[in-house]
1. Please work out how much length the chain gains when fully extended from T306 to R204, using 0.36 nm per residue of separation minus the C-alpha to C-alpha distance, in nm with one decimal.
2. Taking 0.36 nm per intervening residue step and subtracting the Cα-Cα distance, what contour gain separates L321 from R142 on full extension?
3. Points 7 angstrom from Cα along the Cβ direction at E64 and N423: gap in nanometres?
4. Can you pull the one-decimal nm distance between simple spin-label points at R439 and A406, each 7 Å off the Cα toward Cβ?
5. Could you work out the local net charge near V203, counting Lys and Arg as +1, Asp and Glu as -1, over the other residues with Cβ closer than 11 Å to its Cβ?
6. Run through segment 155-238 and list the GluC sites (Glu not before Pro) located in a DSSP loop whose Cβ has at most 13 other Cβ atoms within 10 Å.
7. Please count, across segment 308-439, the pairs of lysine residues with Cα atoms under 20 Å apart that sit 8 or more places apart or on different chains.
8. Suppose each label sits 7 Å from its Cα in the direction of the beta carbon; what would the E178-H32 distance come out to in nanometres?
Amino acid sequence: MRNGTPATFSILNSPFSIILSPVPTYCAFLGHQPSTGLAELIAVVPGFRIVSQPEPTIVIFSSEEKISGDVLRYLGGVYALAEGFEGDLSVSDGPQCLLQCSAKIRGKITFGLRTSGIPPTGVKEMYRRYKDTLKRAGRPARYVGNERKPAATVLLHDAGMLSGKHGLELTIVALPGEETWIGRTIAAQDVDSYTKRDIGKPVRDTTVGLLPPKLAQVMLNLGLWLLQSTKPSPQISSSSKLNAKSSKLTVLDPFCGTGVIPLECLARTWNVLASDVSLKAVNGCTKNIEWFRKEWKIPKKDADSTVWKQDATQPFALKKLPDLIVTETTLGPSLTRAPSLGPAERLRKQMEKLEESFLTNAAATLPGVPIVCCWPFWRLAGGNLVRLTGLWEKLPKLGYRAVMPAIPKSKEATDFSLLYRRNDQFVGREIVMLRPVKR
């Protein structure tokens, strides 16, 4: 866009123009549950504003503060993040941007393109032009990814393309109205790290639903938003939400299992209180915490942890209340096929009784503490969902009100919750944020 007039360029005779913004813009590539990732971004990004969402899994947004690539270590719903280039640019300037950004790279340059809305033939032509530009400048280069799909995120880490040491990846997104956004990928999920703390930890109980570490991260970030909206505090400034370690919180997980949520708390150097009715779970959580401290080098002086056996429906007797409760209560029995309505209704009533008992206890013995939790829901053979509708109706009497960041409507969310489920699962997780209210 030059002097207020859209600048045009051509890729294989296809006209586009560049979209610019007076504030920094970023492009986030969301996971398989885009509504969850979007809610997480709204929760942690100061002054978050959607600029464009050309696809459900791609959102371009602005932020009041500059975002570092390190933030992605604590975002579970975003797998890649790009920062928009400043200035009056069009995609025809892309090869020159690549050349300038790689000026300090020694030796062979590795580059890639992460695109959306551009036909494969156009992407193939872009790879050719970008490499020819580097070649004419006397810079040997190779590219990763192809016109069908971009490079895997693990390759971006291994090839030094995020740090800029050996190369870089450009992100180019075609938008409605013949506009285009262009930037540089600054962060991508560390798949190896997630794998290590998911299936590499000493104790895993596969007899129960295993909470993914990414979802635990999302829940903690939603907890930051919930805590700030419930109890505004200088302890959680807008910048501290982008820097997970700058907030020193104490989180209680009263259904800790083998410790997925406690481990993600420790990764942020947050203090952990963890309990479970099962002694087996308590022992497993304790062992996993010990392992995690050694592997991630987190001494107790940086983040405390206490694990004990307790029924979450029985009174808590803590000397000091936690800042936040983040937990996955229970999903009930695992299912290998879609249930019919009768069995699903029986499971619903059983789970509602447990959840009601827990919330009654929490309101009485953990007063004023906000809660982020997962409730189960079931997908029937015909595709309909069975949710804990009876529990929702009782929330005001129990002393809680459900709240949620404002996101566009989708099939993955209700007005006050997020629905998290893979296509092959018959039991899903309903993520609920509960603000304490006076009864």
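Any read-out appearing in this document is the output of simple, stated calculations on the displayed coordinates, not a laboratory observation. No experiment lies behind these values; they were computed from the predicted model shown. All Cβ positions, glycine included, derive from the backbone under ideal geometry; neighbour counts span all protein chains shown.
1. So the chain would gain 34.8 nm between T306 and R204.
2. On the way: separation 179, 0.36 × 179 = 64.44 nm, distance 5.55 nm.
Answer, rounded to one decimal: 58.9 nm.
3. About 4.0 nm separates the two model spin labels.
4. Those two pseudo-labels are separated by 3.2 nm.
5. Values: positive: K201, R204, K280, K287; negative: D205, E290.
Charge balance in the 11 Å sphere: +2.
6. E178
7. Going through segment 308-439 pair by pair, I get 8.
8. The two pseudo-label positions are separated by 3.9 nm.
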